[in-house]
Amino acid sequence: VNSSNSVGGIVCYKANYGAVTFCTNTGAVSGTQKVGGIVGDNRVDSIENCANNGTVSGTSETGGIAGNLYYGNIVNCFDNAAGSIVGKNSNGSAANCFYLAESETDSVSGTTAVSEKQCRSGEVSFLLGSGWGQLIGIDNYPILGGAAVYAAAEDSPCSGYTNSSDGIKEHSYAD
């Protein structure tokens with residue numbers, strides 16, 4: 001998707017028409033301003049359980065989930081390509097959102113930079129909660145609707161995360 005203003009991988013301009021939920025963008029999104037992997041310009045309501053896996057580029061107000069978060073909130077979202085959740089936050093909020101970056105680049109409270117290692121281990125899928133998952137050792141990033149991830153049980157031979165619902169994690173020399 002390529003345009004100038006209010007460009008989104010799923011929705012360009014969102015004003016008062018309900019939540020954007022359970023969607024994933026995998027395409028490249030580019031524009032001048034208010035450029036987001038999911039929503040370019042979010043005016044109200046929420047963006048929940050969404051993932052951006054596509055590159056996002058612009059000159060201002062550029063974010064992996066929303067370019068501009070005027071009002072509304074972003075909850076349980078993940079970005080592995082843009083390096084932030086929100087480009088510009090005017091009056092919105094975020095909770096339990098994660099983005100792939102070497103350090104904190106997003107100034108919005110409720111967003112956290114995570115490493116490749118945290119993503120591959122299953123930690124981020126576990127933290128995102130219900131609706132998210134991944135096959136540990138196969139999927140590099142959290143996936144909407146992926147295999148459930150559990151924290152390893154205290155009595156497990158290894159710590160970390162597992163796809164086993166009993167919390168037992170088998171040791172792997174790759175861990």
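Search region 113-136 for residues being out of contact with any Phe, Trp or Tyr (no Cβ under 7 Å at 6 or more places or on another chain) and farther than 12 Å from VAL149 by Cα, and hand back the single one that is surrounded by the most Cβ atoms within 10 Å (Cβ to Cβ).
GLN118
What are the pairs with Cβ atoms under 6 angstrom where one residue, in region 122-139, is more than 18 Å from GLY110 (Cα to Cα) and the other, located anywhere, is open to solvent by 30 Å² or more (accessible area, probe 1.4 Å) and among the hydrophobic types (A, V, I, L, M, F, W, C)? Sequence gap at least six, or different chains.
GLY122/ILE136; GLY133/ALA147; GLY133/ALA148; GLN134/ILE143; LEU135/ALA147
Tally time: how many residues in region 9-30 are modelled with pLDDT of 95 or more and either in a loop (DSSP other than H, G, I, E, B) or buried (at least 24 other Cβ atoms within 10 Å of the Cβ) (or both)?
7
Looking at region 33-60, which of its residues are surrounded by fewer than 24 Cβ atoms within 10 Å (Cβ to Cβ), free of Cβ contacts under 8 Å to residues at least 60 places away in the same chain and not β-branched (Val, Ile, Thr)? I'd like the intermediate steps shown before the answer.
To start, the set of residues in region 33-60 that are surrounded by fewer than 24 Cβ atoms within 10 Å (Cβ to Cβ) comprises 33, 43-46, 48-49, 53-55, 57-60.
Next, only the ones that are free of Cβ contacts under 8 Å to residues at least 60 places away in the same chain stay: 33, 43-46, 48, 54-55, 57-60.
Passing the criteria: GLN33, ARG43, ASP45, SER46, GLU48, GLY54, SER57, GLY58, SER60.
I need a count of the residues in region 94-127 that are over 13 Å from TYR161 (Cα atoms) and either touching a His at 6+ places or on another chain (Cβ under 7 Å) or hydrophobic (A, V, I, L, M, F, W, C) (or both). Before you say what the answer is, go through the steps one by one.
Pass one, region 94-127, residues over 13 Å from TYR161 (Cα atoms): 94-116.
Still in the running and either touching a His at 6+ places or on another chain (Cβ under 7 Å) or hydrophobic (A, V, I, L, M, F, W, C) (or both): 94-95, 97-98, 100-101, 108, 113-114.
Looking only at that region, the number is 9.
Surrounded by 19 or more Cβ atoms within 10 Å (Cβ to Cβ) and over 24 Å from GLY40 (Cα atoms) - does that describe any residue in region 73-95?
Within region 73-95, none of the residues are surrounded by 19 or more Cβ atoms within 10 Å (Cβ to Cβ) and over 24 Å from GLY40 (Cα atoms).
The values are calculated or read from the model by the stated rules, or taken from the named source; none is laboratory data. These figures come from a predicted structure and were not determined experimentally. Counting neighbours? That spans all protein chains shown, and the Cβs are built from the backbone with ideal geometry, glycine included. Keep in mind that these areas ignore ligands, DNA and RNA; they rest on the heavy atoms of the full protein, side chains included. Shrake-Rupley method; radii C 1.70, N 1.55, O 1.52, S 1.80 Å.
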